[in-house]
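The values are calculated or read from the model by the stated rules, or taken from the named source; none is laboratory data. These numbers were taken from a predicted model, which means no experiment stands behind them. Please note: Cβ atoms are built from the backbone with ideal geometry, for glycine as well, and neighbour counts cover all protein chains shown. With ligands, DNA and RNA removed, areas are computed over all heavy atoms of the protein, side chains included. Shrake-Rupley method; radii C 1.70, N 1.55, O 1.52, S 1.80 Å.
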Amino acid sequence: MTGFLSLFRRLEGPQTVGRGPGFWSLFALVLAVALAYPLFSDGYTVGNTVYFFVWVFIALSLCVIWGYGGSLSFGQTAFFGIAGYGYGVLTINFGSAYGFTLLALVIAVAIAALVAVLLGYFMFFGRIAGVFLGIVTLAVTLMLERFMAQTAGPEWHIGSARLNGFNGMSAMPPLTIPWPGEPIVLFADVGLYYLVLGLLVFVYLALRILMNSSFGNIIVAIRENPERAEMLGYDVRKYQLITFVIGAALAGLSGVLYTVWGQYITPSSMGMTAAALPLIWVAVGGRSDLTSTVIGTLVVLAAFQALTIYGSQYALVFMGVLLVLTVLIAPNGLVLGVMNWLGRIATRLTQRAG
Amino acid sequence: MSLLELRKLNKHFGGLHVTNSVDLTLRAGEIHCLIGPNGAGKSTLFRLILGEHHPGSGDILFAGENITALKSFARIHRGLSVKFQVPGVFKGLSVRQNLEIALQSRHRGAELDAEIGRLLAFLGLESEQTQTAGNLSHGQKQWLEIGMAISLKPRLLLLDEPTAGMSPEETHMTGEMVQRLNADGMTVLAIEHDMAFVRQVAHRVTVLHLGQVFAQGSIDEIVADERVAAIYLGQAHA
């Protein structure tokens, strides 16, 4: 019981909005609704919800690197693409037997993290910061997009996996869990929904613990004043690199889940538009808070999709307007602004009641 | 015994010779003040000691070890600590969290809470602990940063204008605090323009002028030195 309580306490802290029984009751309620939701919905809608959830991981990656760490990475889509293609190449070559797809997921995320170690090492230990970090990371993702887009010829293959240029790679096997009798294949509906929901809850809670730990303290300290952080004896570059790699792994996870969901991955997933959209979700939500990022991403994604389907061709323009409005009205994020406002009202009410 | 030794330290910025063959020795346990007119190279000397700038030539020895090639954070681990000229606090975080970040590498759990409480009391910032550091007054920010610097329990504390922007009372209180820290065994090197503060705390004074050590001695010797008066004190008292 004490162990459980101390774990619970570590979920809360100055780096995350939302604490106390009120917040966690609401969290449990939302989770219960999310768990029951497939029972009241059809496979297509559930699959579409999985699509939304998949993007939350890349948004969280940006939240960690940019919102908490203060380094604006414009190229999270590079890791998204590397892991997505990685999963494709591995599973097309080695199939889905013996639970290999699950191993491929882990390997693909590890490859993205490894690339981040290399790129991050040169950036942070080369003291690249601020807008230059954004430029370098954007250049990397655009370069990867260009490179993959010209791999249409049959000479571009890894083993039996054709890279397929602009059309991208497709028909990789979905995630398959080995099971006595018949293996469980997680197609993009209920099965994948529960896996992705589970991963989402796990990642969200794990990041809450991490951000409220002494490590989280150090990375926000670096965001606030890197010189002071260094003069307290922290190797700033090392912490920036670790944060960058964690973010890259999350973006990679997003990429693998996206590939698994649609059974395809294309170069445009690393292009300019793809790279810019997560920035908008995170900025609109509230980049310096995990909960705001999750809510903001889901709301903006749903609105974007509704606009694209029912509305007009101007969904992207709307995204731009939304970003400008956020910067002007609530620079720290609209969702975070509303949550802080609700928090202040709650405090006032409790004080009055007390 | 010397704690810090600068040997023939040189630093150029292009054609500008900011630090010119500086030799300086700090004895363990002393309060040493560094004075000199603006542009004398005082802050650059601090940045050289801290490893933020690297010297063109010369050596920096700390407790007998050559630290010239060490990174800043590694120098902090050896026992250096600093309060900057412009208060370097974590403006977006609470006062309490500022101190927690400074203390967390040495203390954990209940011990950490106790240390934060002790430091808040020492700094007189108990009632401001939940405030965002950016909202503190200038003087309070200075105190908070001094608190963060001393929380590392350094062997040598570097203070760059610790009393800038403080009232005479606050300046005197800062002086007393520095003396208390010194009595506990901390060696202090302070850049300061406020001569009342220098007179209050300094065991020895070094005058820097145009990147060179111009004079050195007790405060009375420095004040009596007519050459110093001509370049610095004379202007200050004019």
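Centroid-to-centroid, using Cα positions, region A:314-342 and region B:1-60 are 49 Å apart.
Computed from the Cβ-Cβ distance with R0 of 35 Å, the FRET efficiency linking A:Gln263 to A:Lys238 stands at 0.35. Per-residue mean of foreign Cβ neighbours for B:98-109 is 4 (Cβ atoms of other chains, 10 Å radius).
Across all C-alpha atoms in region A:206-342, the radius of gyration and Dmax reach 17.3, 55 Å.
Provide the per residue accessible area, probe 1.4 Å, for chain A, rounded to a whole number of square angstrom.
Numbers: 16220 Å² over 354 residues.
Per-residue value: 46 Å².
When a 1.4 Å probe is rolled over the protein heavy atoms, the share of accessible surface on the protein assembly as shown that falls to carbon and sulfur comes to 64 percent.
Before we go on, tell me the buried accessible area for the A/B pair, both chains summed, 1.4 Å probe, in Å² to the nearest 100. Present the calculation step by step, with values, prior to reporting the outcome.
Numbers: alone 17270 and 10820 Å², together 26140 Å².
For A against B, buried area totals roughly 1900 Å².
Over chain A, DSSP H runs of length four or greater, each weighted -39,500 (n - 2.57), average out per residue to a 222 nm ellipticity of -23500 deg cm²/dmol.
Here the Gaussian network model covers chain B, with springs between Cα atoms less than 10 Å apart; of B:Gln131, B:Gln212, B:Gln140, B:Gln131 fluctuates the most. Computed on chain A, with alpha-carbon pairs under 8 angstrom and 6+ residues apart, the relative contact order is 30 percent. How many angstrom lie between the C-alpha centres of region A:168-203 and region A:17-68? Cα centres, region A:168-203 to region A:17-68: 17 Å. A 1.4 Å probe over all protein chains sorts B:Trp143, A:Trp179 by accessible area into A:Trp179, B:Trp143, starting with the largest.
What does the charge add up to near B:Leu159, with Lys and Arg as +1, Asp and Glu as -1, over the other residues with Cβ less than 9 Å from its Cβ?
Working: positive: B:Lys83; negative: B:Asp160, B:Glu161, B:Glu192.
Charge balance in the 9 Å sphere: -2.
In chain A, taking the dipole from charged Cβ atoms about the Cα centre, the farthest positive-side position among A:Ile184, A:Val236, A:Tyr98 is held by A:Val236.
Under a 5 Å amide H cut-off, with hydrogens placed 1.01 Å from N, B:Gln216 pairs with B:Val207 among residues at least 5 apart or on other chains.
Mind pulling up the Rg/Rh value for chain B? Radius of gyration and Kirkwood radius, both on Cα. Before the final figure, lay out the partial values.
Numbers: Rg = 17.9 Å, Rh = 18.4 Å.
Here Rg/Rh amounts to 0.97.
When all alpha carbon pairs of chain A are counted in 10 Å bins from zero, the resulting P(r) reads 5, 23, 33, 26, 10, 2, 0, 0 %.
Placing unit charges on C-beta atoms (Lys and Arg positive, Asp and Glu negative, everything else neutral), compute the dipole magnitude of the protein assembly as shown about its Cα centre in debye, rounded to 20. Working shown, then result.
On the way: 37 positive and 36 negative charges, 97 e Å.
The calculated dipole for the protein assembly as shown is roughly 460 debye.
May I ask you to derive the relative contact order of region B:46-157, considering only C-alpha pairs under 8 Å and at least 6 residues apart, and to give it as an integer percent?
Values: 126 pairs, mean separation 36.7, N = 112.
After rounding, I find 33 percent.
Mind ranking A:138-145, B:7-14 by how tightly packed they are, going by the mean number of other C-beta atoms within 10 angstrom, highest first?
On the way: A:138-145: 19.2, B:7-14: 15.1.
Highest mean packing first, the order is A:138-145, B:7-14.
Taking every protein chain into account, the 1.4 Å probe leaves A:Trp66 with about 50 Å² of accessible area, to the nearest ten.
With contacts taken as Cα pairs under 8 Å and at least 6 residues apart, chain B reaches a relative contact order of 27 percent. Secondary structure note: in chain B, about 55% of the DSSP beta bridges are antiparallel. Within region A:283-354, none of the trypsin sites (Lys or Arg not before Pro) combine a DSSP coil assignment with at most 13 other C-beta atoms in a 10 angstrom radius.
When both bridge partners sit in the protein assembly as shown, DSSP labels roughly 60% of those beta bridges antiparallel.
Using θ = phi - 60° in the Karplus curve 6.51 cos²θ - 1.76 cosθ + 1.60, the 3J(HN,Hα) couplings for region A:44-53 round to 5, 5, 4, x, 5, 5, 4, 4, 4, 4 Hz; x is entered for Gly and Pro.
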